[in-house]
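Here's the structure, in structure tokens; my notes come after.
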Amino acid sequence: MVLRRVLTGMIVALAIVAATAPAAPAAENVHIRFPQLDEYTEFVDSWGDARSGGRRHQGVDLMGTKMAPVVAVLDGVIETMRRSPRAGYYITIDHGEGITSWYMHLNNDTPGTDDRGGGLEYAFADDLEVGDTVEAGQVIGYVGDSGNAEWSGAHTHFELHVGGRPVNPHPYLLDAWERWLLELAIERGETDFK
């Protein structure tokens, strides 16, 4: 009887905490910059696709030109700059309000080679450190094939996390891609709005 009351009290307390906890931020109105400054980028919605070891793809691969600039999609603070066997060189950025972006498989080669000898110099933008504030569109790194992407072609694996959980970034990327291509066309004088 006492155990039942304790358990009931705990369940009620958890329900109250859950009801009063702030909800994960809504990302519907978030408009990101396209993360890869390479007009030859190709991407499809590969969110949830099967991966080795029973994993699921939690991002979208932006296939592109090795050493093309990778940029911050929103203003934020560099949270992580590391290298791991699977992700290779990668960066995560905290944008506040529960939104973070992840950029993986950054370059690990000396320019013009596939020697895996480029190191930090060709993976991350100069003078960038954890804790630095970055602006949307600021170069943070370079497209590559580090980690387990060594034989899959140069690309940026891009993830968007909201409230600590990965969300499908494809709709955000499509919107950003269309806006960026329009900006390029306007800069080149290739668009007539009459």
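Modelled spin-label separation between Glu178 and Thr65, with each label point placed 7 Å from Cα along the Cα-to-Cβ direction: 2.5 nm. Give, as ranges by residue number, the residues of the stretch 157-182 whose backbone N falls under 16 Å from the point 7 Å along Cα→Cβ of Thr80. Answer for the stretch 157-182: 157-167.
Note on the stretch 31-187: Cα convex hull, mean projected area over all directions, 9.0 nm². Using a simple spin-label model with pseudo-atoms 7 Å out from Cα toward Cβ, Asp115 and Ser46 lie 2.8 nm apart. Here the spin labels are modelled as points 7 Å beyond Cα on the Cα-Cβ line, and at Thr191 and Val139 they lie 2.4 nm apart. Each residue in His31, His105, His170 was given a count of other beta-carbon atoms within 10 angstrom of its own, and listing them fewest first yields His31, His170, His105.
Read-outs: derived from the displayed coordinates by stated rules, not from any lab. Here the structure is a predicted model, which is why all the values come from computation and not from measurement. No Cβ is skipped: glycine too gets one built from the backbone with ideal geometry, and neighbour counts run over all protein chains shown.
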